[in-house]
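**Q** Sharing a structure, written as C-alpha cells. Questions coming.
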Amino acid sequence: MDQGADVHAQGRPHENAFQAAPYRGHLDTVEQRANVNAQDGLHGHHTSSSVITLYDLKDGSSSSQPWAPNIWCVRFILNYKRLRYRTVWVDFPDVESILSSLGAPPSSFRSNGRPVYTLPVLVDPSRNPGRPLILSNTNNISEYLEATYPSKPVFPPGSRALQSLYTHYIQEVLAKPLLPLLVPLSHQQLEHHSQSYFHAPGGSTGPPSSTSPLSSTTNQPLPPGPKRERQWLQAKEQFDFLDSILAKNVGDGDGIVAMGFEVSYADFALCSVLMWIRQVALHDGWSRIQHWNGGRWEQLWQKCSPYMDNH
C-alpha cells in the first residue's frame, strides 16, 4: 500500500499514488539554504529531544497550510495518537537538498541509480536523541507510528488487509478523475519560485500529491464549462460507488467510517483527499462534494475534524 506517486525530476512519473514529489539538483545557493534549513530542522531552538518532526511541503501562504494528501495521512495519525510533533516547511525545489542533508532514506531509485527523495519525512528522536530515526514514504511512516505508538490504533486487529484494499481504491481509482481538476490548482498554491521549477529544464511536470501520467495534465486549471463539469461528474461516479459500499455498514456501524463506528487509517486516507479538495478548490470542489450522497462526506469530515491540528 504505497502512499504516493513519484513524479520524476525528468518529468516521468511512476504509475502510483500520492507521494509528494522527487526533486532535481540545485544551485550552490539553494543547497546552502537547504543545509541551513535541514540543520534547523534537527537542531533548531524549538526542538525537544522527545518531539517528532514532520517535514511538509510549503505552500505560497505566509502561514503555510498543509494540503498534500499523502502528508495529511501522517498528520492525521500523529494527531489521532496525540503525539507531540512539529512541522518543518520545505520549499518544493529544495526538497532533494534538504532530505539528503538530513540523511533521509530515498523513496526509490531511478534507472540510473540516482536516488529519488520525496515528502513526507518524519524524524523521531524518542529512542535515541543523538541519532534520531529518519523515515520517508507515507506507508513506512504510518506502519512505524502504529508499531511504535500502539495506543489508539489506526489498524484495528485483523483490518490491515481490508484497509489496504480500501486505501488502494482511494489512491488509484477515486483520486484519478480529480487530478485534472486539482493538480493545476495545487500548482497555483505554491510559491512563485516553486511554480517556476515545474517549467525549468529537467524539473517536474506537476506538483506533489499527484498520481498518474502527469504528462497529460497541464498546469492550467480547467475553465468553467462542459469539460470541467464532465470531469466533476466522473469524480462523482467514484464517490457514488464508495457511498454504496459504506452504506453496507449501516446497522452494525454508522455508515460513515470504514470500520464500524471509530475512525481508522482508511478514513484518514479518504479524508486526506477531502482535505486536498477543500484546501485548493473550496468553492468549485468542496461546495459540491460536501452535499453529495446525502452529506456523507461532510459527515466524514466532521468525524475526522478532531484530528486536523496543524503544528
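The values are calculated or read from the model by the stated rules, or taken from the named source; none is laboratory data. Keep in mind that what you see is a predicted model, and the values were worked out from it rather than measured. No Cβ is skipped: glycine too gets one built from the backbone with ideal geometry, and neighbour counts run over all protein chains shown. Keep in mind that these areas ignore ligands, DNA and RNA; they rest on the heavy atoms of the full protein, side chains included. Shrake-Rupley method; radii C 1.70, N 1.55, O 1.52, S 1.80 Å.
Table: residues versus (1) assigned to a loop (DSSP other than H, G, I, E, B); (2) of a type in the set (Gly, Ala, Ser); (3) modelled with pLDDT under 50; (4) under 30 Å from Phe155 (Cα atoms).
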site: Pro22; (1), (2), (3), (4): yes, no, yes, yes
site: Glu31; (1), (2), (3), (4): no, no, yes, no
site: Asn35; (1), (2), (3), (4): no, no, yes, no
site: Asp40; (1), (2), (3), (4): no, no, yes, no
site: Trp67; (1), (2), (3), (4): yes, no, no, yes
site: Ile71; (1), (2), (3), (4): no, no, no, yes
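**Q** Can you confirm whether the stretch 259-279 contains a residue that is more than 30 Å from Leu54 (Cβ to Cβ) and surrounded by fewer than 18 Cβ atoms within 10 Å (Cβ to Cβ)?
**A** Among the residues of the stretch 259-279, not one is more than 30 Å from Leu54 (Cβ to Cβ) and surrounded by fewer than 18 Cβ atoms within 10 Å (Cβ to Cβ), which makes the answer no.
**Q** Just give me the residues in the stretch 185-202 being over 16 Å from the mean Cα position of the chain (by Cα) and modelled with pLDDT of 75 or more, in sequence order.
**A** Gln188, the sole residue that qualifies.
**Q** Determine which member of the set Leu270, Leu300, Leu242 is modelled with pLDDT of 95 or more and touching a Cys at 6+ places or on another chain (Cβ under 8 Å).
**A** Leu300
**Q** Okay, moving on. Those residues that are farther than 22 Å from Pro132 by Cβ, in a loop (DSSP other than H, G, I, E, B) and open to solvent by less than 30 Å² (accessible area, probe 1.4 Å), I need them from the stretch 89-117; list them, please.
**A** Answer for the stretch 89-117, where residues must be farther than 22 Å from Pro132 by Cβ, in a loop (DSSP other than H, G, I, E, B) and open to solvent by less than 30 Å² (accessible area, probe 1.4 Å): Asp91, Arg110.
**Q** Here is a follow-up. Somewhere in the stretch 179-188, is a residue outside any helix (DSSP H, G or I), surrounded by 15 or more Cβ atoms within 10 Å (Cβ to Cβ) and in contact with a helix residue (DSSP H, G or I) (Cβ under 7 Å, 6 or more places away or on another chain)?
**A** no
**Q** Is one or more of the residues making up the stretch 267-274 over 27 Å from Pro150 (Cβ atoms), small (Gly, Ala, Ser) and touching a residue at least 60 places away in the same chain (Cβ under 8 Å)?
**A** No, every residue in the stretch 267-274 fails to be over 27 Å from Pro150 (Cβ atoms), small (Gly, Ala, Ser) and touching a residue at least 60 places away in the same chain (Cβ under 8 Å).
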